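This report concerns only the one structure given below.
The values are calculated or read from the model by the stated rules, or taken from the named source; none is laboratory data. All values reported here derive from a predicted model rather than from experimental measurement. We place every Cβ from the backbone using ideal geometry, glycine too, and count neighbours over all the protein chains shown. In case anyone asks, the SASA skips ligands and DNA or RNA and just uses the protein heavy atoms, side chains included. Shrake-Rupley method; radii C 1.70, N 1.55, O 1.52, S 1.80 Å.
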Amino acid sequence: MVQCEMCGTETSSPKTIKVEGAKLDVCSNCTDFGTEIKQSSSSSSTSTKYSTGSSSSSSSSSSASSGSTSGGSSSSSSGGSRRQDMFDDMDELATDYDERVRSAREKKGLSQSDLANELNEKASLIRKIERGDTLPSDRVQSKLESFLEVDLNAEGASADDSEWSGGSSSGSYTLGDVVKRKD
């Protein structure tokens, strides 16, 4: 029996779902929280869930890992029968949203307090957004976009889920890059 990774109940037939990009083995009661992923063999995905291709591991686990990765990507790209996740429709905020808001406000010749008055928001919220200390809510983001005539969504963000390759551009690793799951 396997434990559901969402609610913790014991289940004899776990289903693999994707929730916000993470693959989880869950019970039948928790499958509604994500998008179900069809896989050819569930045993290979559970045994290599936290294994990485970058670490030097046995050849059998790395081949099983690559097999489950290719099986997962082929099932997600085949056909259009994948159930939509609520996060598929969400736009991603640009990483330089703070600079975009500041430059658009300055182009209009407004101070932070003037912009706050126009949007019926607090000036402290505008300051925090322009410093990058806080993310604007969807409501505030739409107000900023319409009043300042600026797009705060990230360009180049694809609708398809892309697999994470591991590591970072600086070459450093996190604990998640090297940990292996004990079964």
Per-residue HN-Hα couplings for region 101-116 [Karplus 6.51, -1.76, 1.60; θ = phi - 60°; Hz; x = Gly/Pro]: 5, 4, 5, 5, 5, 5, 4, 7, x, 9, 7, 5, 5, 5, 4, 4
Could you give the length gained on full extension between Arg139 and Ala22, defined as 0.36 nm per residue of separation minus the Cα-Cα distance, in nm? 39.4 nm
What's the FRET efficiency of Ser146 with Ser13 using the Cβ-Cβ distance as r and R₀ = 45 Å, to the nearest 0.05? 0.35
For Glu36, list long-range residues whose amide hydrogen, built 1.01 Å from N in the peptide plane, is under 5 Å from its own amide hydrogen. Lys18, Arg83
Gain upon complete extension [Leu93, Glu36; 0.36 nm per residue less C-alpha separation]: 17.9 nm
Would you mind telling me the share, in percent, of accessible area of region 108-151 contributed by carbon and sulfur at probe 1.4 angstrom? 43 percent
Counting only heavy atoms of the protein chains, get the accessible area per residue of region 91-151 (1.4 Å probe) and round it to a whole Å² value. 62 Å²
Amide H of Thr134: which non-local residues (sequence gap of 5 or more, or other chain) have their own amide H closer than 5 Å, using H built in the peptide plane? Ile129
Enumerate the amide H contacts of Leu93 below 5 Å, restricted to partners 5 or more residues apart or on another chain; note that Pro and chain-start residues carry no placed amide H. Ala154
